[in-house]
Amino acid sequence: MLGRFFNNQKESRSLEVETDVPVHVAIVMDGNGRWALKRGMPRNIGHREGMKAIHRITEAANDIGVKVLTLFAFSTENWLRPQSEVDFILRLPDRFLSHELPKLQANNVQVRIMGSVEALPSHTKKAVETVTKETAANDGLILNLALNYGGRSDIVQAVQQLCEGVEQGRYRADDITEAKLSELLYTADFPDPDLLIRTSGEVRLSNFMLWQMAYSEFWFTDVLWPDFSPEDFAAAVEVYQKRKRRYGGV
């Protein structure tokens, strides 16, 4: 069903998808470096090509009515990569967001950033601050970019806030619940992801939204991120729609 939708995007933009569309889709965009190396190119070329996939999949998610699209753009562990690659990756938000801003505005997309933004280079912070401010009034799809994000560090910073609250007498230790901790995570404004997609054949979470994905549906593909297409996205959503989500029940 969704395959036909994406095969005829221009005509189907006005159609309503009547099936169960995931509200929040999260994607680990893996395989940029391998895509480039397979073609005898520097790894950075793969990261550049990966930006084009971000554009395609943002449009695809918007077209079918996804409300939140979270993309794992740069993890807390990615600092361990060669400095030249780190510098290149952290220049990409400047290029991508400045180039894409008119399209994001035209499609009513709101950009959010989650992660430890304070540790990012000044040029990266400036780019994300500009795009989040410029798109803040948009009320369509939320494009949530995880920059300098780690699932464990997300939980730690939430626990630190809880401890401070207890020390300051704002609440007692037995006031701490799953809901209270969730309110202090970077994703506090969003529902937990319904669907996780990971490209490139890797089958692991890689420290991505560990708390939030307790009951997410997972879909893995061997397709490298720069090659990931709206049809691939449709295939993931179709698999999601066929699954029965019981949340521990029967």
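Each reported figure results from applying straightforward, stated rules to the coordinates on display, with no laboratory input. Here the structure is a predicted model, which is why all the values come from computation and not from measurement. Cβ atoms come from the backbone with ideal geometry, glycine included; neighbour counts cover every protein chain shown.
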Problem set entry | Calculated from backbone phi, Karplus (6.51, -1.76, 1.60) coupling profile of the stretch 153-161 in Hz, x at Gly/Pro | 5, 4, 5, 4, 5, 5, 5, 4, 5
Exercise. Under the definition of Cα pairs under 8 Å and six or more residues apart, what whole-number percent is the relative contact order of the stretch 79-221?
Worked result: 21 percent
Exercise. With each pseudo-label sitting 7 Å past Cα toward Cβ, what's the N107-V203 distance in nm, one decimal?
Worked result: 3.1 nm
Problem set entry | In nm, spacing of pseudo-spin labels at L210 and V159 (7 Å Cα→C-beta vector) | 0.9 nm
Problem set entry | Length-normalised contact order of the chain in % [C-alpha pairs under 8 Å, at least 6 apart] | 29 percent
Exercise. What order do you get for K125, K38, K244 when you list them from fewest to most C-beta neighbours inside 10 Å?
Worked result: K244, K38, K125
For this session: Take the alpha-carbon positions of the stretch 58-124, form their convex hull, and give its projected area averaged over all directions (one quarter of the hull surface) in nm².
Result: 5.1 nm²
Exercise. Can you list the lysines whose alpha carbon is less than 23 Å from that of K125, not counting same-chain residues fewer than 8 positions off?
Worked result: K52, K103, K133
Seminar exercise, completed: Exposed chymotrypsin sites (Phe, Trp or Tyr not before Pro) being those in a DSSP loop with at most 15 other Cβ atoms within 10 Å, the longest stretch of the chain free of them is 1-170
For this session: Note the full-extension length gain between Y247 and D20 as 0.36 nm times their separation in residues minus their Cα-Cα distance, in nm to one decimal.
Result: 80.1 nm
For this session: With label points built 7 Å along Cα→Cβ from the Cα atoms of E231 and A137, find their separation and express it in nm.
Result: 4.0 nm
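Run the helix sum for the chain: -39,500 (n - 2.57) per DSSP H stretch of 4+ residues, divided by residue count, reported at 222 nm to the nearest 500 deg cm²/dmol. Intermediate values should be presented prior to the final figure.
Values: 10 runs with 109 residues, N = 250.
Theoretical 222 nm ellipticity from helices: -13000 deg cm²/dmol.
Around Q157, with a cut-off of 13 angstrom between Cβ atoms, what is the net charge of the other residues, counting Lys and Arg +1 and Asp and Glu -1? List each step's numbers first, then the result.
Values: positive: R152; negative: E118, D154, E164, E183.
Result for the neighbourhood of Q157: -3.
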Exercise. Are there trypsin sites (Lys or Arg not before Pro) in the stretch 161-220 that DSSP marks as loop and that have at most 16 other Cβ atoms within 10 Å, and which are they?
Worked result: R170, R172, R204
Problem set entry | Hz values of 3J(HN,Hα) by residue in the stretch 90-100 - Karplus curve (6.51, -1.76, 1.60), Gly and Pro given as x | 7, 8, 4, x, 4, 5, 5, 5, 5, 6, 8
For this session: Work out the FRET efficiency for H99 and E77 from their Cβ-Cβ distance, taking R0 = 25 Å, and round it to the nearest 0.05.
Result: 0.35
Exercise. When the Karplus curve 6.51 cos²θ - 1.76 cosθ + 1.60 is applied with θ = phi - 60°, which whole-Hz ³J(HN,Hα) does each residue of the stretch 31-38 get, with x for Gly and Pro?
Worked result: x, 4, x, 5, 4, 5, 5, 4
For this session: Mark the label point 7 Å from the Cα of R91 along Cα→Cβ and return the residues of the stretch 109-132 whose backbone N is within less than 13 Å of it.
Result: 123-124
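What length, rounded to one decimal in nm, is gained on full extension from T177 through to S84, with 0.36 nm per residue of separation minus their alpha-carbon distance?
Working: separation 93, 0.36 × 93 = 33.48 nm, distance 4.27 nm.
Length gained, T177 through S84: 29.2 nm.
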